[in-house]
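Single-structure report; data block below.
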Amino acid sequence: MEKKFYITTAIDYLNAEPHIGHAYQKIIADVLARWNKAKGKEVFFLTGTDEHGQKIANSAREQEKKPKEFVDWLAPKFKESWKNLNLDFNRFIRTTDKDHQKKVKEFVKLMGKKGDLYKGKYTGLYCEGCEAYVTEKDLVNGKCPFHPNRAVKELSEEAYFFKLSKYEKKLLDFYKENKRYILPLFRKKEIVNRVKEGLKDLNVTRLKENMSWGIDFPLDDKYIIYVWYEALLNYLTGLGWPDDENYKKFWPADVEILGIDNGWFHCVIWPAMLMSVGIKPAKTILINGFLTFNGQKISKSLGNAISIEKLVRKYGADTIRYFVCRHFVFGQDGDFSEQALIDRHNNELANKLGNLVSRVAGLIEGNGVEKTENKLLKKFNEKKIDKLMENYEFDKVLNEIFAFVDKCNEYIQNKKPWETGDKKILYELKESILKIAELLWPFIPGSAEKIKKQFSAKNIKKGEILFKKI
Ligand SMILES: [Zn+2]
């Protein structure tokens, strides 16, 4: 088994405040990071913000701020939100960080040396929402499918190109050899089919006279680097590529998690960039679905309702974490319904888990425990959970764990330790609860740590209520 685990998330583009849509993916990343940590691996979890480009320059202007001022104001809100959700990341990278900018230039120079960059002229359609050139084929009713309210523009400028077309066959071979490179598999099919239709070389610069908020292009000072191209490099620069110890220890990434709007860049352009300079691509690109909020598409107009800070204050980090892992089938789109969250909080966390913990703690406080063979825990199939985690079926993992919680509650009903005071039964229950806490730790770390502390104590006490009903 591998001893290390490197996981990255998409870095969020700083043109709006953090909301539950951003948070969903970061929570999944944290769950995977903690799960691997619990398995004894050394983990590096990278997240951060994408801070250059036209849209950010525009948003800054709207607020009468300089771009740097604007991102310095917004980036901490993301970092703070992730802290509020109890995300235990190792680095929060900002693409305006000095070391990122320096290493990006090194990477460009290296790619230039490999002969994969050339100057040409680009004329084409451009979606400012995506900060990307688009082709007629990408459009739905003449509009970008991700930004149907914006017109795509015709843009023409001298530019530097990355020879992406050169990597078409290499990529197709790579997808074939690496069966789990793009997950879920239905996403893989979409992307592979598009690559088979042919790849065009990619414009990787913008003329400074048109747009200057970015990193200088080191091969020609009239240009800055196209924002997408340098943002992708954060997964390398965040580890201190090429000579830092962390890079040597953790690369290649084990999981890069992102939304389908980023799929093309991450599954096609990114591995081709790495192949160009001779670096191995990530092992798995994991694509999450999109969430709506109470049935509505998440947008700025929902405003404060979807603020992470407000949601955490209302429901607590663990309930939000539990809900997004339990309620959605990973990879599919879903609706973050507050009513569904409240129902699951009350029925599953408070009634099932909370009651089990408080009942057993109270009985042990009165009767004590006596070590014995654990027949109850024997009925529990932990291997099945490992298998489900390997397939990113978080909903089923939690379902299995809670089926065992149910079994523990039934065991109490059947054995009636409140009448018998049977210390052996209470020992079995105590050990089973500790196992449950261990398995739930990646999902609800705050509550799991409380349970562990309570049931590892020499004198177990009833203690406070774990989940108050909403
Ligand atoms: Zn777009």
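The values are calculated or read from the model by the stated rules, or taken from the named source; none is laboratory data. This is a predicted model, so every value here is computed, not measured. Glycine also receives a Cβ, built like all others from the backbone with ideal geometry; neighbour counts cover every protein chain displayed.
Being farther than 27 Å from T292 by Cα and either crowded, with 22+ Cβ neighbours inside 10 Å or not aromatic (F, W, Y) (or both) is true for just one of P18, P67, P76. Which residue is that? Break it down stepwise before answering.
Values: P18 fails: farther than 27 Å from T292 by Cα; P76 fails: farther than 27 Å from T292 by Cα.
After ruling out the rest, the residue left standing is P67.
You will find that of E190, E177, E136, the residue that is charged (D, E, K, R) and more than 23 Å from E256 (Cβ to Cβ) is E136 and no other.
Please tell me if Y315 is surrounded by 22 or more Cβ atoms within 10 Å (Cβ to Cβ) and not polar (S, T, N, Q). Explain how you work it out, then say what you get.
Details: surrounded by 22 or more Cβ atoms within 10 Å (Cβ to Cβ): no; not polar (S, T, N, Q): yes.
No: the conditions fail for Y315.
Yes or no, residue by residue, for (1) loosely packed, with under 15 Cβ neighbours inside 10 Å; (2) closer than 14 Å to M111 by Cβ:
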residue	(1), (2)
K179	yes, no
P184	no, no
K189	yes, no
G198	yes, no
I225	no, yes
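The single residue among K200, K208, K222 that is farther than 30 Å from E390 by Cβ, touching a Lys or Arg at 6+ places or on another chain (Cβ under 7 Å) and at pLDDT below 95 turns out to be K208. Scanning region 207-251 for residues being closer than 18 Å to A159 by Cα and among the small types (G, A, S) gives a total of 2.
Okay, residues lined up against (1) touching a Phe, Trp or Tyr at 6+ places or on another chain (Cβ under 9 Å); (2) assigned to a loop (DSSP other than H, G, I, E, B):
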{"residue": "R206", "(1), (2)": "yes, no"}
{"residue": "M211", "(1), (2)": "no, yes"}
{"residue": "D220", "(1), (2)": "yes, yes"}
{"residue": "I224", "(1), (2)": "yes, no"}
{"residue": "A231", "(1), (2)": "yes, no"}
{"residue": "L236", "(1), (2)": "yes, no"}
{"residue": "K248", "(1), (2)": "no, no"}
{"residue": "P252", "(1), (2)": "yes, yes"}
{"residue": "D261", "(1), (2)": "yes, no"}
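Only a single criterion out of (1) crowded, with 19+ Cβ neighbours inside 10 Å; (2) of a type in the set (G, A, S); (3) within 23 Å of T292 (Cα to Cα) is not satisfied by A361, namely (3).
In this structure, E154 does not qualify as of a type in the set (D, E), within 16 Å of the ligand (Cβ to nearest atom) and in contact (Cβ under 8 Å) with a residue 60 or more places away in the chain.
Of G124, G129, all but one fail to be touching a residue at least 12 places away in the same chain (Cβ under 8 Å), within 16 Å of the ligand (Cβ to nearest atom), in contact with a Lys or Arg (Cβ under 6 Å, 6 or more places away or on another chain) and small (G, A, S); the exception is G129. With respect to the stated conditions, G48 is at pLDDT 95 or above, among the small types (G, A, S) and in contact with a strand residue (DSSP E or B) (Cβ under 8 Å, 6 or more places away or on another chain).
Tell me which residues, restricted to region 132-151, are near the ligand (Cβ under 8 Å from one of its atoms) and among the aromatic types (F, W, Y).
At the first step, the residues of region 132-151 found to be near the ligand (Cβ under 8 Å from one of its atoms) are 132, 134, 144-147, 150.
Of everything in region 132-151, just one residue is near the ligand (Cβ under 8 Å from one of its atoms) and among the aromatic types (F, W, Y), namely F146.
In region 273-376, counting only helices (runs of 4 or more DSSP H) that sit wholly within it, the ones holding 1 or more residues that are out of contact with any helix residue (DSSP H, G or I) (no Cβ under 9 Å at 6 or more places or on another chain) and at pLDDT 95 or above span 338-344, 355-367.
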